[in-house]
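First the structure, in the form of structure tokens, and then the observations on it.
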Ligand SMILES: [Zn+2]
């Protein structure tokens with residue numbers, strides 16, 4: 001059994017009846033557990049609703065840096081954070097890709113959510129893009145995962161020392177992503193999980209299509225190759241890593 005540890009089931013591609021189709025295609029491919037992350041604050045309650053009606057769906061609730069300026073406590077309420085299906089806080093982080101005009105607001109939102117993570121003991125799922133230095137500086141005294149990790153091995157080293165996990169997405173399968181494969185070659189296998197980040201970043205051979213959780217098996221296959229493991233060996237290692245990263249799944 002594989003877990004897609006990060007995808008967005010509140011996105012349009014899952015609207016209406018399509019959600020059940022997406023989940024059935026995932027189950028048929030052996031992807032039997034799905035962790036739905038939120039980015040937009042108003043997706044938090046709909047994501048929880050999906051988890052409440054589907055036994056194999058869990059949620060990480062967080063506000064993406066794109067929504068800098070939002071007051072995190074308005075959305076990450078005690079009810080949300082203590083919900084049995086909410087296993088982590090994410091995706092949260094910093095993104096200076098489109099410029100850093102709102103840098104202070106991003107840092108404020110990120111810091112506020114890290115504070116909530118420390119208080120609740122929930123692990124964090126981190127988004128970082130073109131913001132390695134600030135991310136490393138701010139991301140202290142919490143545990144969690146660097147989601148869709150494509151940053152440098154230098155940042156990986158820092159976060160490995162802090163006990164973090166690293167999530168490989170479909171990007172691992174891209175022809176032009178040799179550097180990402182090299183980084184994952186060096187990251188110890190007991191610190192790796194996999195994800196689709198769907199609807200984004202569909203792996204080879206689905207590039208250009210809407211990404212869905214079932215496709216995470218393609219990332220698993222490439223990871224198995226990189227780590228010189230049989231797919232079923234990798235499967236049980238990833239399962240253990242996922243449960244170690246998100247212990248609330250077992251409760
Ligand atoms: Zn995401």
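A short reminder: the numbers here are calculations on the coordinates, not readings from a lab. For clarity, every value in this text was computed on a predicted model and none was experimentally measured. Every residue, glycine as well, gets a Cβ built from its backbone with ideal geometry; the counts of neighbours run over all protein chains shown.
Give me the distance between the Cα centres of the stretch 149-203 and the stretch 40-96, rounded to whole Å.
23
Can you give me the distance in nm between label points at residue 137 and residue 119, each placed 7 Å from the Cα along the Cα-to-Cβ direction?
Going from the residue 137 label point to the residue 119 one covers 2.5 nm.
What percent do you get for the relative contact order of the stretch 90-195 when only Cα pairs under 8 Å and 6+ apart count?
Result for the stretch 90-195 is 23 percent.
Among 64, 127, 83, determine the one that fluctuates most according to a GNM of the chain built with springs between C-alpha atoms less than 10 Å apart.
For the chain, modelled as a Gaussian network with Cα springs under 10 Å, the answer is 83.
Based on alpha-carbon atoms only, what is the radius of gyration of the stretch 113-173 relative to the globular estimate 2.2 N^0.38 Å? Show your work: numbers first, answer last.
Working: Rg = 11.3 Å, N = 61, 2.2 N^0.38 = 10.5 Å.
Dividing the Cα Rg of the stretch 113-173 by 2.2 N^0.38 Å gives 1.08.
How high is the relative contact order of the stretch 2-250, given as a whole-number percent (alpha carbon pairs under 8 Å, six or more residues apart)?
Numbers: 480 pairs, mean separation 50.3, N = 249.
The normalised contact order for the stretch 2-250 reaches 20 percent.
Please identify, among 171, 237, 44, the residue showing maximal mean-square fluctuation in a Gaussian network model of the chain using a 10 angstrom Cα cutoff.
237
Sort 146, 215, 1 so the one with the fewest other Cβ atoms within 10 Å of its own Cβ comes first. Don't skip to the answer; put the middle values down first.
Working: 146 25, 215 28, 1 13.
So the residues, fewest neighbours to most, are 1, 146, 215.
Per residue and in cubic angstrom, what volume does the convex hull of the Cα atoms of the stretch 2-250 have?
On the way: hull volume 28.6 nm³, N = 249.
Normalising the Cα hull of the stretch 2-250 by residue number yields 115 Å³.
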